[in-house]
Structure formats: C-alpha cells, structure tokens
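Structure record follows, encoded as structure tokens.
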Amino acid sequence: MREDIQYYKAKKRVEHIKKFFGHLTSFVVINLALYVINIITYPNDFWFDYWFYWQLLIWGVGLAIHGIVVFYSFPVFGRAWEERKIQQFMQEEEQQNNKFE
C-alpha cells in the first residue's frame, strides 16, 4: 500500500515536470515568433513597440512561478502537509465507502 502511494506521488511529480517543460517550450517558441514579428513590423525602431516586452515579462513571471512550484516546495505545502492531506483524503474515502456498506 505504501509503495503504491509513493509510486503515485512520483508519477504525479513527473507529470508536473513534463507540464513545466511543455510550458517552457511553448514560451520559447512563441516568444521567438513574436520577436520576429516585432522586428518585421518595426525594423528601424527596436524599442518603439513595447507590447512584445510586456508580454514577455508577464509570461516570464508566470513561467518562473510555475518553475518554483514544480521544482521547489513551499514550506506551507511541504511534505508534512502533503502527507496530512493524503491521510485526510484516504480517511474521507474510507468513511464514504463505509456509508454504502
């Protein structure tokens, strides 16, 4: 039973890491395309068109937060919190199953 929980947690962590790298890939590809569009539309005035830089900054902050959430755990949501929540959900499910018996 304990091994199943550990496997499930490891699998979820791998899924979160894969989602982060998908997010990172789309960030790079889309922003390169937008950069090219920015250069094509304003070839002589590089700093004139600020929309590209604002969206790059905002999306970059979102990506950084996503990375922090995936690769670092916040003290509030650390392993002890995860274990308590897992136990709570398992107890709730067991109680729910006992109601129907």
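Out of the stretch 7-37, which residues are among the small types (Gly, Ala, Ser) and surrounded by 12 or more Cβ atoms within 10 Å (Cβ to Cβ)? Spell out the reasoning first.
Within the stretch 7-37, the subset among the small types (Gly, Ala, Ser) is 10, 22, 26, 33.
Ser26 - this is the single residue of the stretch 7-37 that is among the small types (Gly, Ala, Ser) and surrounded by 12 or more Cβ atoms within 10 Å (Cβ to Cβ).
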Worksheet entry | Condition met for Ile40 (β-branched (Val, Ile, Thr) and loosely packed, with under 10 Cβ neighbours inside 10 Å) | yes
Worksheet entry | Filtered residue count, the stretch 1-44, keeping only those that are basic (Lys, Arg) and in contact with an Asp or Glu (Cβ under 8 Å, 6 or more places away or on another chain) | 1
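Taking the stretch 6-38 only, how many residues are touching a Gly at 6+ places or on another chain (Cβ under 9 Å) and closer than 18 Å to Leu57 by Cβ?
Summing the residues that are touching a Gly at 6+ places or on another chain (Cβ under 9 Å) and closer than 18 Å to Leu57 by Cβ in the stretch 6-38 gives 4.
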Practice prompt. Please verify whether the stretch 54-76 includes one or more residues that are part of a helix (DSSP H, G or I) and modelled with pLDDT under 80.
Written response: no
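The values are calculated or read from the model by the stated rules, or taken from the named source; none is laboratory data. All figures in this text were calculated on a predicted structure; none of them were measured in a lab. When we count neighbours, we look across all protein chains shown, and the Cβ atoms used for this are built from the backbone with ideal geometry, even at glycine.
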